[in-house]
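The values are calculated or read from the model by the stated rules, or taken from the named source; none is laboratory data. What you see is a predicted model; the values in this text were computed from it and never measured. Here Cβ is always computed from backbone atoms with ideal geometry, including for glycine, and neighbour counts include all displayed protein chains.
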Amino acid sequence: MGNEFNPKILGFMCNWCCYAAADSAGVARYQYPPNVRTIRMMCTGRMDPLFVIDAFCVGTDGVFVGG
Amino acid sequence: MEEFVRKILVRVGINSDRFALEWASAAEGPRFVKLITDFTVKIKSLGPLGEPGGDSKDELLIKLLAARNALEEAKLRTGLGNLTKGFRKEGDYSDQTIKDKVDDKLAKSIETEMARYETLIRIQEQGPISFDDLAEKVGIPTAEVEKYVNAFSKKGLVVEAEGQLSATINQ
């Protein structure tokens, strides 16, 4: 654990693109930081500015939208 | 949308680097890994939300709440919708055009809507409060506060007594 700052990042990912990319990265055993909590959406076109503000309201440190 | 969200974040007092919009196709696993790693490093260097040098957590929350209310209302949403319609018509999606258009068409309404809701939230949370204190906290002229408050009291949201503003109970 330690005292290092572990940011909470919220990831909004498109089912067909970034989410699949994340999947393939996992299958290929690439290592990446575990800070991203993923929310799968059927299309990033569904993204709304409100989601971003809501995320910051509940205390995320960063928002990543992957299309 | 990206530019619009950044504008709002800046108005709220959040570093707009905390928001990223990136593209990676299903075949681009390595690219995705790179994007996530870079973004995590960036957020790590920025530190936790609400620290340091910026507003305190409570202040930030008030502004976030104001942004939330403003975004739920039709004014900004239709503004953004109409703007995107314009891009589609002209077929110009360059970053510069988008930035200019958002600055031109939406910056002002973002400013006023946020100030309006921040005024209301501050009355609800911190009332009773005087006009001048409110103006100072929201960072707008007292005349503007008076304008917003007039509208709120017409709706029955706010009452004024001896120069002090407080929220009506049960709302």
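Working carefully through the options A:TYR32, A:TYR19, find the one that is in a loop (DSSP other than H, G, I, E, B), at the interface with chain B (Cβ under 9 Å from one of its Cβ atoms) and surrounded by 14 or more Cβ atoms within 10 Å (Cβ to Cβ).
A:TYR32
Filtered by the rule that a residue be touching a strand residue (DSSP E or B) at 6+ places or on another chain (Cβ under 8 Å), outside any loop (DSSP other than H, G, I, E, B) and more than 13 Å from B:ASP17 (Cα to Cα), the range A:42-55 gives A:THR44, A:PHE51, A:ALA55. Check whether at least one residue in the range B:47-60 is closer than 19 Å to A:MET47 by Cβ, more than 7 Å from every other protein chain (Cβ to nearest Cβ) and touching a helix residue (DSSP H, G or I) at 6+ places or on another chain (Cβ under 6 Å), and report yes or no. Within the range B:47-60, not a single residue is closer than 19 Å to A:MET47 by Cβ, more than 7 Å from every other protein chain (Cβ to nearest Cβ) and touching a helix residue (DSSP H, G or I) at 6+ places or on another chain (Cβ under 6 Å).
Quick one: would you say B:ALA20 is assigned to a strand (DSSP E or B), within 11 Å of another protein chain (Cβ to nearest Cβ), modelled with pLDDT of 85 or more and buried (at least 20 other Cβ atoms within 10 Å of the Cβ)? So B:ALA20 passes the test. Restricting the first member to the range B:152-171 and to residues that are within 17 Å of B:ALA135 (Cβ to Cβ), and the second to residues that are at pLDDT 75 or above and among the hydroxyl-bearing types (Ser, Thr, Tyr), the beta-carbon pairs closer than 8 Å and six or more apart or on different chains are B:PHE152/B:THR119; B:VAL158/B:SER166; B:VAL158/B:THR168; B:GLU160/B:SER153; B:GLY163/B:SER130; B:GLN164/B:SER130; B:LEU165/B:SER130.
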